[in-house]
Amino acid sequence: MRQLYTARLATKLLLSDVAQCFHLEFAVDELPEFAFKAGQFVSCVADDPKTGKQQTRAYSIASAPRENMFDICVNRVEGGFFSNLLCDLEEGDTLKFHGAHGLFTLRQPPVDSVFIATGTGIAPMRGFAQWLFPEDGPNRSEGKDVWLVYGTRYESDIYYQDYFEQLAAKHPNFHYIATLSRGQESWTGQRGYVQEHVARLVATRAEQKVLVGAGDVQPERNPNGPFEIYAYICGLNDMVSASRDRLVGMGWEKKQVVFERDD
Ligand SMILES: Cc1cc2nc3c(=O)[nH]c(=O)nc-3n(C[C@H](O)[C@H](O)[C@H](O)COP(=O)(O)OP(=O)(O)OC[C@H]3O[C@@H](n4cnc5c(N)ncnc54)[C@H](O)[C@@H]3O)c2cc1C
């Protein structure tokens with residue numbers, strides 16, 4: 001039997017009205033410290049009064065460990081049971097959960113990394129970023145380059161933009177690319193799907209490259225071993241598969257591509 005904890009909603013922020021996405025910060029009052037690894041998820045548990053059945057849903061933790069707190073980032077899904085329950089919580093309300101669970105965590109020692117996310121797939125990336133570049137405390141990135149490639153449809157769906165922009169301004173080895181697939185004309189940033197940007201970025205980084213196919217760029221294997229770079233992908237199934245296939249097709253080893261599907 002898994003141990004159930006009670007989390008109290010300490011802070012609730014609206015990240016996007018259009019997308020109905022909320023940032024929720026919970027305190028686990030019964031614990032002095034809530035231990036987990038950045039990138040893991042919690043399993044939230046509640047009874048559905050309509051069916052009388054207990055429901056469990058996973059939510060990636062959107063923060064690095066800090067005392068007895070954890071954050072999540074939730075999109076309201078029309079007609080969905082748990083997302084609506086969470087989005088309708090008020091500060092002070094409580095929630096049952098177990099965890100933390102999951103293997104979507106940073107591999108050690110740190111190497112150059114590409115974080116690839118869409119939608120609320122940004123949650124574990126915020127956890128990774130907070131852990132690598134803490135506000136108070138030593139920088140754990142060891143000078144390795146970290147790119148965050150974040151894709152959404154519209155500008156209103158870019159969550160935590162200020163945080164990531166400030167992080168990129170402060171740390172020269174943190175690079176932030178937000179790309180829109182359906183951006184308005186006024187959008188002056190990047191456009192297109194994440195996998196296209198990732199392919200370009202990886203190709204540019206590789207010292208040696210060969211052109212293959214119709215404009216596709218494939219880095220050559222480093223003769224001294226595999227590339228010292230990892231990709232961490234989180235988002236909806238289609239994006240995760242497309243990004244993963246693209247990287248493996250470019251010669252990456254499967255172990256270099258760590259992923260989590262959040263649908
Ligand atoms: C490892 C993991 C991590 C996750 N992390 C997050 C997270 O950080 N933030 C977050 O918001 N969600 C996350 N999810 C998704 C979450 O667990 C729920 O599936 C989601 O909140 C919908 O649950 P629900 O009970 O509201 O909908 P349900 O009652 O389960 O579904 C209602 C209907 O909505 C459809 N549906 C389900 N999910 C979606 C969706 N995302 N978009 C559109 N339609 C959908 C279903 O197919 C169904 O028809 C994660 C899932 C996994 C497996």
Meets criteria (more than 9 Å from the ligand (Cβ to nearest atom), of a type outside the set (D, E, K, R) and touching a residue at least 12 places away in the same chain (Cβ under 8 Å)) for ALA62: no
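Residue by residue, here is whether (1) more than 23 Å from CYS21 (Cβ to Cβ); (2) of a type in the set (S, T, N, Q); (3) in contact with an Asp or Glu (Cβ under 9 Å, 6 or more places away or on another chain) holds:
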position: PHE82; (1), (2), (3): no, no, yes
position: LEU86; (1), (2), (3): no, no, no
position: ASP93; (1), (2), (3): no, no, no
position: PHE104; (1), (2), (3): no, no, yes
position: SER113; (1), (2), (3): yes, yes, yes
position: ALA117; (1), (2), (3): no, no, no
position: GLY121; (1), (2), (3): no, no, yes
position: GLY127; (1), (2), (3): no, no, yes
Tally up the residues in region 227-244 that are within 15 Å of the ligand (Cβ to nearest atom) and part of a loop (DSSP other than H, G, I, E, B), please. 1
Residue in region 29-51 that is polar (S, T, N, Q), surrounded by fewer than 14 Cβ atoms within 10 Å (Cβ to Cβ) and farther than 28 Å from LEU247 by Cβ present: yes
Name every residue in region 139-183 that is within 18 Å of LEU201 (Cα to Cα), of a type in the set (A, V, I, L, M) and over 15 Å from the mean Cα position of the chain (by Cα), in order of residue number. ALA168, LEU180
So is THR11 at pLDDT 95 or above, part of a strand (DSSP E or B) and more than 14 Å from the ligand (Cβ to nearest atom) or not? yes
State whether one or more residues within region 142-152 are in contact (Cβ under 8 Å) with a residue 60 or more places away in the chain, of a type in the set (Phe, Trp, Tyr), under 25 Å from PHE41 (Cβ atoms) and in the same structural domain as CYS234 (by TED's automatic domain parsing). no
I'd like to check which strands (runs of 3 or more DSSP E) are fully inside region 80-172 and have at least 3 residues that are within 13 Å of the ligand (Cβ to nearest atom). 94-101
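The values are calculated or read from the model by the stated rules, or taken from the named source; none is laboratory data. Only a predicted model underlies this, so the values are computations on that prediction, with no experimental measurement involved. Note that each Cβ is placed from the backbone with ideal geometry, even for glycine, and that neighbours are counted across all protein chains shown.
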